[in-house]
1. With the cut-off at 1.5 for a/c, could you classify segment 126-215 from its C-alpha gyration tensor as rounded, prolate or oblate?
2. If R0 is 22 Å, what FRET efficiency do you get for Leu292 and Lys117 from their C-beta distance, rounded to 0.05?
3. Can you compute the FRET efficiency between Ala202 and Ile256 using 1/(1 + (r/R0)^6), with r the Cβ-Cβ distance and R0 = 30 Å? Round to the nearest 0.05.
4. Would you mind computing, in nm to one decimal, how far apart the modelled labels at Arg6 and Ile52 are, each placed 7 Å from Cα along Cα→Cβ?
5. When ranked by the protection proxy of mean other Cβ atoms within 10 Å per residue, highest first, what sequence do the peptides 96-102, 121-127, 21-27, 62-68 form?
6. Do the alpha carbons of any pairs in Lys70/Lys117; Lys26/Lys235; Lys26/Lys262; Lys236/Lys294 sit beyond 21 Å of each other, and which pairs?
7. Tell me the label-point distance for the pair Ile125, Ile192, using the 7 Å Cα-to-Cβ offset, in nm and rounded to one decimal.
8. Does the chain come out rounded, prolate or oblate, given a ≥ b ≥ c as the square roots of the eigenvalues of its C-alpha gyration tensor, rounded meaning a/c under 1.5 and, failing that, prolate meaning a/b above b/c?
Amino acid sequence: MFSKSRPLLLLHFIVLIWGFSPILGKLINLQGIIAYQLVWFRMVITVATVAIYLLIVKQSIRLPFNDVLKLCGVGAIIAFHWFCFYNAINVSNVSVTLVAFATGTLFTSIIEPVFYKRRFIRYEIAFGMVIIGAIAMIFKVETQYTLGIIFGMLAAFTSSLFTVFNGLLVRRIPSSVIAMYELSGGVIALTIYLLLAGEFRAQFFELSAEGLGWLAVLSVLGTAFPFIASVNLMKKISPYTVTLTVNLETVYGIIIAVLLWKQDEAMTPGFYLGTLIILATIFGNGLLKGYLKKQMEKAR
């Protein structure tokens, strides 16, 4: 019984860690580090951490060239995902970003059937429409945070994409090797963009000791371990279940943010109503899915 629940317990622990990620992101932003700086340094430090881990466990990273290209492509998506996520925090706040990010369940319900070649589930789409309605409500009452909501939803969409892709790739490639190539690909893609945009100036590398410290915590504890562990869990848990559980990050993150920055995170009643509708829909969907699964098992 415990062995069956172990993957879900590990997933919830990982999500708890991720709940601190937007908090760390805001602390880093407060040090004057902007979104693309945060993402670039985060990925570089994480790649170094994963490389050390691979050396310790003596894991070979040799792969066919086509697989390397696929992984690097997914890495570019991850880099864009992190940029959108932390930029959303920068232009709005933690609460708005996390609520917009909760739309990932809707995106996964559409993307997963396409790549896993299964039929669309009507109630998932119906729940998704409810989430869209709740987001529209938040848009209406929190117009000053429109840009944050847009970036948060882009982060949710790209998160759904790479979660589904990794669910396919992990069937034949070790999760640590996936992490190494994807994060390296993300560094390369972001570096090329920053070079073309002329952002690699001396100021880019001028970080305060405190800012670098928070980046190290985010990269090693908040990225390297949960990234490898979450990808590995895709062998035992579906992308939809992962995305559904990840929405607890919204609950954890908002609670922590409100406790730390009460005034900055205070929102209108309409925002909290929309948030409640989104979370109730997400967890209602999970309960319905579990109930239907049990009914199917009984019918066998």
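Each reported figure results from applying straightforward, stated rules to the coordinates on display, with no laboratory input. Note that the structure is predicted; figures quoted are calculated from it, not measured. With ideal geometry, Cβ positions are generated from the backbone for all residues, glycine too; neighbour counts draw on all protein chains shown.
1. Here segment 126-215 falls in the oblate category.
2. FRET efficiency, Leu292 to Lys117: 0.60.
3. With a Förster radius of 30 Å, E is 0.30.
4. Placing both labels 7 Å along Cα→Cβ, they lie 2.7 nm apart.
5. 96-102, 21-27, 121-127, 62-68
6. Lys26/Lys235
7. With each label placed 7 Å out from Cα toward Cβ, I get 3.6 nm.
8. Verdict is oblate for the chain.
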